[in-house]
Amino acid sequence: MQSLGSIRRSFAPWTDPQAKPYIVFDNVTKRFGDFTAVDNLSLSIYEREFFALLGASGCGKSTLLRMLAGFEEPTSGRILIDGQDLRGTPPYKRPVNMMFQSYALFPHMTVEKNIAFGLKQEGMPADQIEARVTEMLKLVKLEQFAKRKPHQLSGGQRQRVALARSVAKRPKVLLLDEPLGALDKKLREETQFELMDLQQSLGLTFVVVTHDQEEAMTMADRIAILDKGQVMQVATPAEIYEAPGSRFVANFVGNVNLFEGEVVAREENGARIRGATGAEIRVENAGAAAAGNSVVFAIRPEKIRVSSRRPDESRLNAMEGEVYDIAYLGDMTIYHVKLADGQVVKASALNSSRVTEDPLTWDDRAWISFQPDAGVVLTQ
Amino acid sequence: MADTAISARDTVSETPSMTRRLFSALISRLVIAIPYLWLLVFFLIPFFIVFKISLSQTAIAMPPYTPVIGVSDFFQKIGELSFDNYVWLTEDALYFNAYISSIWIAGVSTFLTLLIGYPIAYGMARAPTTVRPTLLMLVILPFWTSFLIRVYAWIGILKPEGLLNQLLMTLNIIDEPLIILNTNTAIFIGIVYSYLPFMILPLYSALEKMDYTLIEAANDLGCPPLSAFWKITFPLSLPGVVAGCLLVFIPAVGEFVIPDLLGGSETLMIGKTLWNEFNANRDWPVSSAVAIILLLLLVVPIMFFQHAQAKAQEQGR
Amino acid sequence: MNTTWSRFNVTSIALGFAFLYLPIVILVIFSFNESKLVTVWSGFSTKWYGSLLQNQGLLDAAWVTVRVGVIAATFATVLGTMAALALTRYTRFRGRILFSGMVFAPLVMPEVITGLSLLLLFVAVGLDRGFLTVTLAHITFSMCFVAVVVQSRLLTFDRSLEEAAMDLGATPVTTFFHVTLPVILPAIVSGWMLAFTLSLDDLVIASFTSGPGATTLPMKIYSQVRLGVTPEINAACTILIAIVAVGVIAASLVNKRREVQRLRDEQGAQRG
């Protein structure tokens with residue numbers, strides 16, 4: 001039997017040109033008065049995918065989810081689920097269910113009544129409802145809380161009730177609005193994996209809205225980064241992180257150092273870029289940048305090494321500076337190194353041993369170095 | 001508790017502060033004692049006097065009753081107490097009918113007020129947040145104008161030759177003027193109209209507090225709007241419904257002005273009966289007995305109201 | 001779905017407000033009627049206002065009413081504020097349940113009962129019915145309304161403000177006058193206004209507790225209404241409505257201006 005992980009690893013319908021997307025946003029625009037919340041956006045989500053909409057508040061991600069649920073109608077454009085245009089279909093007739101950020105548990109109903117609510121609307125026979133509710137309670141490990149009212153539960157328990165209620169009807173698609181937003185950090189981390197297991201075992205399509213990039217990276221098969229109602233990039237977490245498509249994405253996800261410069265020459269599998277001070281760096285992954293283009297080279301702090309002496313290896317790009325600030329975080333240390341041109345570069349070093357043999361301290365001269373393939377060249 | 005902590009600290013500080021603390025403690029005693037005493041004297045004790053007089057004999061005098069109990073001879077006179085007035089009340093069907101009819105009229109009016117007030121409160125609670133304060137003010141505004149004036153305004157409308165009949169006859173909806181004034185219908189209209197703000201305000205505050213995502217959640221789970229109203233909105237607004245109904249029902253049972261001005265001569269309401277007994281017949285003991293029984297009828301709803309108030313206060317804390 | 005619901009909302013609000021205001025509007029319109037008939041329009045005239053000024057009995061009653069109202073509202077505000085403080089600040093004292101019962105019960109107590117019981121009290125202690133007794137009665141029932149208004153403000157009051165003041169060395173009394181009072185002042189003012197209008201409004205309790213020489217305006221209007229509807233009463237009512245409407249609207253405009261000013265200040269502070 002395959003483990004869930006290996007199923008997940010081989011799951012990539014978006015790479016298959018034959019695969020039909022399950023949810024399609026087709027040139028969708030949504031305006032509230034003068035404000036454009038969603039701006040001519042197109043997006044495809046596949047069946048059984050765990051899809052995350054990631055962005056800052058006001059980027060349109062919640063509006064997108066609410067349009068899918070049917071609480072808002074798009075100003076223009078179409079939304080399709082399984083090939084069916086949803087326009088005019090009221091929320092109570094859509095094959096999607098939503099888990100609300102506030103959980104929206106009915107305060108006057110017990111946990112089991114809350115979970116049974118959607119099933120009763122379907123007109124499911126009472127004995128089947130009972131069986132399903134029991135199953136759901138077991139799934140979220142709340143069997144002994146069936147008779148409690150929402151205000152008698154902890155935050156984490158309420159979150160589980162909300163989850164159980166929204167999956168009880170076995171919707172084709174589950175929409176989750178900041179599902180872990182109200183939980184504390186520890187609980188959030190545990191719950192992330194539970195959500196992933198649940199999604200796998202029920203075989204549902206999840207669309208989750210979040211502003212927490214770590215959450216999105218951990219859980220999602222693919223992430224759509226949104227800004228000002230537009231999609232900036234849709235890709236797997238690793239692609240988003242390692243090969244951001246734009247300066248915005250590079251900046252938005254994780255920490256990044258950006259070097260601005262001009263392509264001096266293309267090389268076999270890369271390019272040489274000259275910065276403002278005349279220092280040159282050799283990079284691979286130059287994409288379509290041609291000689292003379294002004295570009296930005298983006299590199300993550302953990303890909304940069306800091307040392308007190310210039311590294312020997314000639315392939316490496318190396319620059320000299322001085323240690324400007326040191327942040328010791330326990331598992332790693334982040335060095336802020338100020339280069340000759342005044343730019344401060346962040347470099348993180350894993351504290352793999354308890355004592356560093358090459359200790360650097362404030363105001364020391366230091367060298368930063370990185371492999372030519374450690375970053376990406378952004379033309380935008 | 002806090003006082004002891006403070007005074008413990010005071011032992012090290014100088015005397016002026018001590019006197020200041022004592023002064024503060026005295027002030028806080030007074031803050032409780034003054035309104036307490038006032039209400040005891042002017043609200044609670046009068047009820048005992050009413051009760052006392054309801055047990056005395058009618059007399060043609062001023063005051064028109066023979067006093068039974070002075071504080072001093074309470075125990076001697078207690079045996080001479082007369083329940084005649086209560087017996088009298090049970091013997092005359094007029095009083096019994098007046099009680100029943102008061103409760104019936106107040107009950108129907110309360111229900112009608114709820115029926116009319118709920119959609120208004122609902123509409124207000126769902127209105128854009130910017131206009132809500134204005135709407136709220138518009139609901140409260142009529143309450144500031146005289147009750148008497150508002151009841152009076154309806155006489156001109158409901159009269160046989162009044163504006164309503166003029167309008168309906170001009171529109172050819174009716175040929176004969178409707179007789180509304182001096183009927184129970186007029187009383188219903190009067191009570192609904194006068195007490196509507198009392199119904200709307202608690203309903204509004206209950207509905208406005210409600211989280212609208214609950215309705216969205218119900219819709220999302222397959223529940224159409226009307227059904228979501230009955231399953232979610234209405235049950236959650238019940239505290240407001242209860243408060244509103246009590247605020248209308250309790251005073252309406254004892255209402256005097258509305259049945260007197262809008263009701264007919266055959267309309268029996270206990271407030272009017274009491275008034276007549278007191279002012280026209282000058283029978284103080286009997287009217288006191290009427291008041292005591294009315295109070296007994298209202299004790300349960302009033303306690304209920306108190307309880308709801310206390311609970312709301314507890315939640316507000 | 002949303003649009004049909006909001007259409008429903010708009011309709012219900014519009015109908016509701018029409019119901020609330022139409023009778024008052026009609027009453028005001030017919031106060032300007034030429035004819036003595038209140039229900040048949042025969043031309044515009046202000047003569048009923050003129051005849052109102054000749055009606056010495058009505059004017060006397062109005063003067064009595066205003067005096068009773070001002071005195072009763074002022075005492076009721078002081079007592080009601082104390083009661084509200086007692087209820088919110090001292091959660092444990094002997095007889096608190098009885099006390100809160102006595103504060104809330106008058107809100108719903110039928111007026112005939114309150115009126116009768118107060119009258120019997122005044123008779124029992126040998127107090128002659130008149131100006132004093134009406135005023136005492138009005139203080140008693142309107143202080144409870146003040147208490148409720150002030151109490152609801154006190155419940156949302158941030159206690160840490162008081163604690164901060166005391167931490168900085170203010171005594172409880174100083175704290176009350178410099179911190180608590182300014183914050184709850186709007187509630188106290190609206191409590192006073194409420195008490196004043198309640199007193200202005202009251203017919204039943206005044207009829208029980210008042211005596212010769214202290215006839216209030218509602219009593220006067222009531223006795224005339226019983227004789228029949230006349231445009232003169234419409235005119236008197238219109239003046240009362242106008243006074244109240246101007247007062248309430250002015251108060252809410254002042255509040256709104258203060259609110260707008262505060263918002264502007266806050267924005268300015270953020271920008272600066």
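The values are calculated or read from the model by the stated rules, or taken from the named source; none is laboratory data. This one's a predicted model, so the numbers in the text were calculated from it and none came from an experiment. When we count neighbours, we look across all protein chains shown, and the Cβ atoms used for this are built from the backbone with ideal geometry, even at glycine.
Overview of results
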| read-out | value |
| --- | --- |
| Search result, residues across the stretch A:144-158 that are without any contact (Cβ under 8 Å) to a residue 40 or more places away in the chain, farther than 11 Å from A:Lys113 by Cβ and not aromatic (Phe, Trp, Tyr) | A:Gln144, A:Gln152, A:Ser154, A:Gly155, A:Gly156, A:Gln157 |
| Scan of the stretch C:74-97 for residues that are more than 8 Å from chain B (Cβ to nearest Cβ) and loosely packed, with under 14 Cβ neighbours inside 10 Å, ordered by number | C:Thr91, C:Arg92, C:Arg94, C:Ile97 |
| Every residue from the stretch C:171-224 that is more than 9 Å from every other protein chain (Cβ to nearest Cβ) and of a type in the set (Gly, Ala, Ser) | C:Ala187, C:Ser190, C:Gly191, C:Ala195, C:Ser199, C:Ala206, C:Ser210, C:Gly211, C:Gly213, C:Ala214, C:Ser223 |
| Residue count, the stretch B:135-184 (criterion: buried (at least 20 other Cβ atoms within 10 Å of the Cβ), away from chain C (no Cβ under 11 Å) and without any contact (Cβ under 8 Å) to a residue 24 or more places away in the chain) | 1 |
| Top-ranked residue in the stretch C:81-95 [being outside any helix (DSSP H, G or I) and of a type in the set (D, E, K, R); ranked as modelled with the highest pLDDT] | C:Arg94 |
| Listing of helices (runs of 4 or more DSSP H) fully contained in the stretch A:141-231 that carry 1 or more residues being within 21 Å of A:Phe25 (Cβ to Cβ) and either in contact with a helix residue (DSSP H, G or I) (Cβ under 7 Å, 6 or more places away or on another chain) or not assigned by TED's automatic domain parsing to the domain that holds A:Phe117 (or both) | A:213-219 |
| From A:Ala265, A:Ala318, A:Ala374, A:Ala271, residue being among the aliphatic types (A, V, I, L, M), under 18 Å from A:Ala250 (Cβ atoms) and touching a Lys or Arg at 6+ places or on another chain (Cβ under 6 Å) | A:Ala374 |
| Entirely in the stretch B:113-184, the helices (runs of 4 or more DSSP H) that have 3 or more residues that are of a type in the set (S, T, N, Q) | B:163-170 |
| Filter result for A:Lys338 (part of a strand (DSSP E or B) and free of Cβ contacts under 8 Å to residues at least 24 places away in the same chain) | yes |
| Qualifying residue in the stretch A:78-89 (condition: among the aliphatic types (A, V, I, L, M) and within 13 Å of chain B (Cβ to nearest Cβ)) | no |
| Among residues of the stretch B:237-260, those that are over 26 Å from C:Asp202 (Cα atoms) and either surrounded by 19 or more Cβ atoms within 10 Å (Cβ to Cβ) or facing chain C (nearest Cβ under 9 Å) (or both), counted | 3 |
| Test for A:Val295: is it outside any loop (DSSP other than H, G, I, E, B), more than 12 Å from A:Gln371 (Cα to Cα) and without any contact (Cβ under 8 Å) to a residue 40 or more places away in the chain | no |
| Breaking point among (1) away from chain B (no Cβ under 12 Å); (2) in contact (Cβ under 8 Å) with a residue 24 or more places away in the chain; (3) within 28 Å of C:Trp192 (Cβ to Cβ), for C:Trp63 | (2) |
| Subset tally (residues that are hydroxyl-bearing (Ser, Thr, Tyr), part of a loop (DSSP other than H, G, I, E, B) and in contact with a strand residue (DSSP E or B) (Cβ under 9 Å, 6 or more places away or on another chain)) for the stretch A:28-70 | 1 |
| Search result, residues across the stretch C:20-40 that are of a type in the set (A, V, I, L, M, F, W, C) and not in a loop (DSSP other than H, G, I, E, B) | C:Leu20, C:Leu22, C:Ile24, C:Val25, C:Ile26, C:Leu27, C:Val28, C:Ile29, C:Phe30 |
| Qualifying residue in the stretch A:114-121 (condition: assigned by TED's automatic domain parsing to the domain that holds A:Lys169 and under 22 Å from the mean Cα position of the chain (by Cα)) | no |
| Test: residue in the stretch C:158-165 that is within 11 Å of another protein chain (Cβ to nearest Cβ) and touching a residue at least 60 places away in the same chain (Cβ under 8 Å) | no |
| Residues being modelled with pLDDT under 80, facing chain B (nearest Cβ under 10 Å) and farther than 15 Å from B:Met137 by Cα - total across the stretch C:225-261 | 3 |
| Filter result (within 20 Å of B:Tyr152 (Cα to Cα) and of a type in the set (Ser, Thr, Tyr)) within the stretch C:25-45 | C:Ser31, C:Ser35, C:Thr39 |
| Helices (runs of 4 or more DSSP H) within the stretch B:241-317 that include 1 or more residues over 30 Å from B:Ile155 (Cα atoms) | B:284-316 |
| Residue list for the stretch C:167-182, filter: surrounded by 15 or more Cβ atoms within 10 Å (Cβ to Cβ) and either in a helix (DSSP H, G or I) or hydrophobic (A, V, I, L, M, F, W, C) (or both) | C:Ala170, C:Pro172, C:Thr175, C:Phe176, C:Val179, C:Thr180 |
| Residue within the stretch A:270-277 that is in a loop (DSSP other than H, G, I, E, B) and either farther than 30 Å from A:Ala216 by Cα or acidic (Asp, Glu) (or both) present | yes |
| Search result, residues across the stretch B:122-150 that are under 12 Å from B:Phe198 (Cα atoms) and either of a type in the set (Val, Ile, Thr) or at pLDDT 95 or above (or both) | B:Val139, B:Ile140 |
